[in-house]
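Reviewing the structure listed below.
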Amino acid sequence: MVIMKSVKKEAVECETEHFLMAQKQLDEIALEMGLDAELHERLRYPKRSLIVSIPVRLDNGKVHTFTGYRVHHDVSLGPAKGGIRYHPEVNLGEVAGLAMLMTWKCSLMGLPFGGAKGGIRCEPWNMSNGELERLTRRYTAEIINLIGPDKDIPAPDMYTNEQTMAWIMDTYSVNVGYTVPSVVTGKPISIGGSLGRQEATGRGVAYCTRQAVAHAELKTKNPAVVIQGFGNVGSITAKLLHESGYKIVAVSDVYGGIYNPEGLDIPRLLAHVSEMRKVAQFSGGQAISNDELLVLPCDILIPAALGNQIRIDNVANIKCKIIVEAANAPVNPEADQYLQEKNVMVVPDILANAGGVTVSYFEWVQGLMHLFWTEEEVNQRLEQIMGRACQQIFDLSKKSGLRLRMAALRIGISRLAEAKRLRGLYP
Ligand code: GLU
């Protein structure tokens, strides 16, 4: 019998640039914390990945076949949890990398969930409502064996929303033969959604920003803030920070940005965006591009749009003191290293945007109990959980000298590692 001493690694299909970014973070902290090598290896790849073809009849009568994904990274702590995004750049590696981040995020926040992510490669802004509905329903039918309130609970992510969740919930329910609200979170209130879920990610980002300002001991009373992205997360963050007396000097969306060094009138801007569907042409600021926006002088930069926005080619021009990662993976690892050397505080995504999945957890619990909380209760509990996570991370970072991202990963991965060790390997 031949005993294989070393097994040659096969090419792994998910190893794209995005995935390797997430894996690199794990490798760095695993080394630092002395994570058991076998456990480390088990966490480096997703537990299971599904790729599906989604034929959809378009409004022009033709059938177009889209590609969709659902990945479970780890489910040791509970059902898989994570959003579904619609975007032309979605691919297996991106979804797998984001599923890994969900594992760390849920573990860090103390939620009883594993990490998942899903997505469909499409251009949602070029599709009609009817096409989006047919796309969502067929995708749900294709992944139906993976999802369920005890198995995997999807939620909104980029370019998906409450309506998308309602279609998923309905398709799933019709297929099993009874109504199952808890198969998704982030659904409309009228079909079992939670009060406060829609604002939760922005609320968490605003909370972390205030904590970061307190720890960084910024001298100014009205810190100047730049926000990239003015969707659900960016706009709520702007509104809440504005209410706290912060000066929001620039914001942007896919069409471009606006800048006013004296501070934008956020209530007026919100009214403009709800009418025009974009920030451009707002009369209270000057037009700037997204690239210009990232390098504006400010105290706090909040990337709340796409991943991979702050890279080695633009990081040297960034002039803020604090970055709060409202988006998932907006700062790549080389830029992260550079920012650390320059003493720029980076509040990592798995903490900064964890308000969303935390209130998703509340929604799931309320649904399973058939009992609903007031918005005040939801916000209070969210603050409690965010507060505990912030304190643990800032304390560990201070004590150990680890940057905030590594402190957050260390706490999240330690909890998961302990669970995996206790459960053991079976079969
Ligand atoms: N898509 C969000 C995230 O990246 C929310 C996930 C959820 O609520 O399950 O955290």
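Every number in this text was worked out from the coordinates using simple rules, so none of it is lab data. Note that the structure is predicted; figures quoted are calculated from it, not measured. Cβ sites come from the backbone with ideal geometry, for glycine too, and all protein chains shown count toward neighbours.
Label positions at Glu376 and Gln340, each projected 7 Å from the Cα along the C-beta direction, are separated by 4.4 nm.
Want the number for Glu243 to Arg311: 0.36 nm per residue separation, take away the alpha-carbon distance, what's left? That pair, Glu243 and Arg311, stretches by 21.4 nm at full extension. Looking at the chain alone, DSSP beta bridges between its own residues are antiparallel in about 50 percent of cases. What does a probe at Ala141 reach in the stretch 171-188, counting residues whose amide N is under 12 Å from the point 7 Å along Cα→Cβ? Output list for this probe position: 171-172, 175.
Comparing Asn317, Leu351, Phe372 along the charge dipole axis of the stretch 292-427, the residue lying farthest to the positive side is Leu351, per the Cβ-charge model. Exposure proxy for Val346, Val254, Val233: other Cβ atoms within 10 Å of each Cβ, ordered fewest to most, give Val254, Val346, Val233. Dipole size of the stretch 1-159 about its Cα centre, with +1 on Lys/Arg Cβ and -1 on Asp/Glu Cβ: approximately 460 debye, rounded to the nearest 20. Every Cα-Cα pair of the stretch 23-110 was included, and the share exceeding 16 Å stands at 61 percent.
Diffusion coefficient of the stretch 376-427 by Stokes-Einstein, Kirkwood radius over Cα pairs, 25 °C, 0.890 mPa s: 194 µm²/s.
Partner aspartates and glutamates whose Cα lies under 17 Å from the Cα of Lys81, excluding those fewer than 8 positions away in the same chain, are identified as Glu94, Asp150, Asp152, Asp157, Glu162, Asp349, Glu363.
Quick check: net charge around Leu402, other residues with Cβ under 9 Å of its Cβ, Lys/Arg +1 and Asp/Glu -1?
Charge balance in the 9 Å sphere: +3.
Short-range pairs are left out: with C-alpha atoms under 8 Å and at least six residues apart, the relative contact order of the chain is 15 percent. Modelled label positions at Trp125 and Asp36, each set 7 Å beyond Cα in the direction of Cβ, lie 4.8 nm from each other.
Taking Lys and Arg as +1 and Asp and Glu as -1, the other residues whose beta-carbon sits under 12 Å from that of Gly196 total -3.
Here r is the Cβ-Cβ distance between Ser53 and Ala287 and R0 is 45 Å; the resulting FRET efficiency, rounded to 0.05, is 0.60. Shown for the stretch 219-307: lysine pairs separated by 8 or more places, or found on different chains, whose C-alpha atoms are under 18 Å apart, numbering 5.
For the chain, with equal point scatterers placed on the C-alpha atoms only and solvent neglected, what are the log10 I(q)/I(0) values from the Debye formula at q = 0.06 1/Å, to two decimals? Debye output, listed in q order: -0.24.
The spacing between the stretch 223-266 and the stretch 62-76, judged by their C-alpha centroids, is 33 Å.
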